[in-house]
Amino acid sequence: MEAVLQWLDAAALVIGGARVTWAEVLGAVSGLACVALVARQHVWNWPIGLANNVFWALLFWRAKLYSDSTLQGVFFVLGCYGWWRWARGVSGAPLVVRRTRGREWLVMATAVIAATGMLATWLAHKTDSPAPLADASVLTLSLAATWGQAEKLLESWWIWIAVDVISVPLYVSRGLYPTAGVYVLFGVLCVVGLRRWARDLSDAREAR
């Protein structure tokens with residue numbers, strides 16, 4: 001295991017003087033594949049996403065983005081839930097895209113605001129995180145988006161877009177240029193996914 005971790009942390013290439021590790025390369029590839037499959041509602045997005053969590057947990061820890069690194073472990077658990085949820089469906093029928101209910105919005109918003117405030121405060125006082133609020137926001141919003149994705153909530157794509165907007169400048173500030181570029185592509189894929197899910201929801205309503 002130690003040899004594998006050392007290889008993931010080794011330089012795969014150098015771009016503009018910046019060292020790019022194998023963890024960052026594999027994280028980018030698996031992340032893009034995962035989002036593309038989510039847009040198509042393909043269940044294999046979940047196992048690919050689990051591999052992505054492992055690659056980025058190491059990458060973000062090395063970059064001192066501790067909440068982002070911790071987030072990957074929580075993502076792994078939510079990924080297992082999402083995989084089970086999509087495979088199981090509802091009463092034997094496939095899970096379908098739906099809108100987020102008012103109560104769900106209230107619970108998510110309350111949880112995200114409270115958790116972001118507490119985590120940002122902890123990061124600012126207990127770690128050397130260079131951007132505690134942005135780091136915390138990426139974590140809490142990503143958890144909300146992943147849960148929404150597991151439930152096939154249309155608006156989960158909007159939350160992911162917010163994550164991308166915050167993440168790009170954050171990763172640039174830490175010298176993670178390829179990962180920042182990947183998040184730009186994530187934003188594009190999120191727009192595609194939002195449009196595909198909206199169309200699927202519209203088609204399902206018309207078929208009733």
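A few remarks follow.
- Binned Cα-Cα distances of the range 106-165, short to long, each 5 Å bin given as a whole percent: 4, 21, 27, 23, 14, 8, 4, 1
- For the range 68-162, dividing the convex hull volume of the Cα atoms by the residue count gives 90 Å³ per residue.
- Solvent exposure of the range 60-208 as accessible area per residue, Å², 1.4 Å probe: 52 Å²
- Debye intensity ratio in log₁₀ form over the Cα atoms of the chain, taken at each q of 0.14, 0.17, 0.18 Å⁻¹: -0.84, -1.20, -1.33
- Net length available on complete extension from residue 202 to residue 61 is 46.6 nm, with 0.36 nm assigned per residue and the Cα-Cα distance removed.
- Net charge in the neighbourhood of residue 43 (other residues with Cβ under 12 Å of its Cβ; Lys, Arg +1, Asp, Glu -1) is +4.
- Cα lying deepest toward the dipole's positive end in the chain, options 144, 165, 25, charges on Cβ: 144
- Within-14-Å neighbourhood charge of residue 193 [Cβ basis; K, R +1; D, E -1]: +2
- Gained length - residue 44 relative to residue 19, 0.36 nm times residue gap less alpha-carbon distance: 5.9 nm
- Debye equation applied to the C-alpha atoms of the range 95-208, log10 I(q)/I(0) at 0.18, 0.20, 0.23 Å⁻¹: -0.95, -1.08, -1.24
- Using only Cα coordinates, the Kirkwood hydrodynamic radius of the range 55-102 works out to 12.8 Å.
- The range 168-208 - convex hull of the alpha-carbon atoms, volume per residue in Å³: 47 Å³
- Sorting the segments 118-130, 99-111, 137-149, 50-62 by their mean number of nearby beta carbons within 10 angstrom, highest to lowest, gives 137-149, 50-62, 118-130, 99-111.
- About its Cα centre, the dipole of the chain is roughly 620 debye, where the only charges are +1 on Lys and Arg Cβ and -1 on Asp and Glu Cβ.
- Note on the chain: with neighbouring protein chains present and a 1.4 Å probe, carbon and sulfur make up 68 percent of its accessible heavy-atom surface.
The values are calculated or read from the model by the stated rules, or taken from the named source; none is laboratory data. Nothing here was measured: the structure is a model prediction, and the numbers come from that model. Cβ sites come from the backbone with ideal geometry, for glycine too, and all protein chains shown count toward neighbours. We work out accessible area using only protein heavy atoms, side chains counted, and drop any ligands, DNA or RNA first. Shrake-Rupley method; radii C 1.70, N 1.55, O 1.52, S 1.80 Å.
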